[in-house]
1. For the stretch 77-154, what's the relative contact order in percent, using C-alpha pairs closer than 8 Å and at least 6 residues apart?
2. Rounded to whole Å, give me the distance from the Cα center of the stretch 97-131 to that of the stretch 223-278.
3. List the residues, sorted by chain then number, that are 5 or more residues from ILE279 or on another chain and whose placed amide H is less than 5 Å from its amide H.
4. For the chain, with only Lys/Arg (+1) and Asp/Glu (-1) charged at the beta-carbon, what is the dipole magnitude about the Cα centre, in debye rounded to 20?
5. Hey, can you grab everything whose amide H is under 5 Å from the amide H of ASP259? Only 5+ residues off in sequence or another chain; H modelled, so Pro and N-termini drop out.
6. Hey, can you grab everything whose amide H is under 5 Å from the amide H of ARG214? Only 5+ residues off in sequence or another chain; H modelled, so Pro and N-termini drop out.
7. When the Debye formula is applied to the Cα atoms of the stretch 53-189, each taken as the same point scatterer, what base-10 log of I(q)/I(0) results at q = 0.14, 0.21 Å⁻¹?
8. Assuming a ≥ b ≥ c are the square roots of the Cα gyration tensor eigenvalues, decide whether the stretch 228-272 counts as rounded (a/c under 1.5), prolate (otherwise, with a/b larger than b/c) or oblate.
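The values are calculated or read from the model by the stated rules, or taken from the named source; none is laboratory data. As the structure is a prediction and not an experimental result, all values here were calculated from the model. Ideal geometry is used to build each Cβ from the backbone, glycine not excepted, and the neighbour counts take in all protein chains shown. These accessible areas exclude ligands, DNA and RNA; they are computed on the full protein's heavy atoms, side chains included. Shrake-Rupley method; radii C 1.70, N 1.55, O 1.52, S 1.80 Å.
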Amino acid sequence: MDVNLLERSVRRLEHARTVDRPADAVVDAINKWLPAGRVKDALSGTDLGHPLHPFLVTVPIGAWVSAGFLDVLGGNSARPAAAKLVGLGALAAVPATLTGASDWADTLGAERRVGAVHAASNYAAIASYLASWTARRRGRHGVGVGLSVLGAGLLGVSGWLGGHLSYAAGVGVDTTAFSTLPSEWTDAAAETALTGRDMLAVLVGTVSVLLVNRSDGVVALSNRCTHRGAPLGDGSLQEGCVECPWHGSRFQVADGRIDRGPATRPQPVYEARVRNGRIQVRQSDEQRTLRTNPVASGND
């Protein structure tokens with residue numbers, strides 16, 4: 001397989017502005033049907049702690065791949081089981097499709113364009129497998145197998161695009177995963193910078209930090225929303241929570257816990273103190289391998 005060809009193809013897709021108008025129209029409809037709230041949180045995987053969509057897609061994929069093995073190796077006696085697996089995969093694709101639509105509605109630009117083709121490929125694959133199931137039930141096994149092969153090809157395309165969205169574009173990952181503050185107390189701002197303000201975003205090294213002025217002292221947390229990277233400083237404070245300006249996720253200021261999704265990961269909170277009129281911050285959790293400089297260990 002020519003990896004360079006795949007990369008060139010997806011780069012062209014990322015810049016295909018002709019996709020924008022229909023994709024934006026669908027996203028507007030999804031957001032109108034699915035506003036921020038408990039249903040959106042459930043589809044996003046907020047209570048699970050990770051996006052729900054990647055987990056659910058394993059069920060239809062597993063069913064359809066298993067049906068393919070039975071088609072090739074199972075013989076005539078395996079045909080009823082293969083047909084049931086094809087139908088099971090189509091049924092299981094419904095919740096996977098709903099969670100995917102919810103996640104896709106929170107993307108923009110290049111990610112939205114790639115996601116649109118990813119979704120279209122998935123819908124075409126589901127249609128192929130549904131047609132395969134229908135053909136098998138009518139005794140047209142050969143036609144059913146052919147339609148399953150078509151569905152598998154479409155599933156391969158959508159799977160590759162889904163992988164690109166997750167592993168190349170970072171859709172669905174914690175956007176703060178590779179951001180870290182020094183473990184030593186580090187100057188962030190003058191104490192007076194918060195005078196008359198509820199919160200203030202400052203840059204500490206390369207990390208954007210949100211300072212929140214509370215009655216019990218200064219609290220510091222990552223200014224980058226874990227969901228899609230929005231600047232929380234552009235949002236608002238409501239009942240002890242900071243609300244993301246892009247998709248409405250709310251985080252408890254005191255400890256970063258999610259009060260409302262669609263975010264699935266809590267907001268990193270840093271230690272903060274005031275010394276000699278200066279606000280200082282430092283990393284409060286343990287360092288992680290991907291947050292440190294790999295050059296020091298000599299490994300790549």
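1. For the stretch 77-154, the relative contact order is 33 percent.
2. One Cα centre to the other: 29 Å.
3. Under 5 Å from the amide H of ILE279: ALA188, ALA189, ALA190, GLU191.
4. With only Lys, Arg, Asp and Glu charged at Cβ, the dipole is about 1080 debye.
5. It is ARG250, PHE251, GLN252, by chain and number.
6. Here VAL219 satisfy the definition.
7. Those come out to -0.66, -1.14, one per q.
8. rounded
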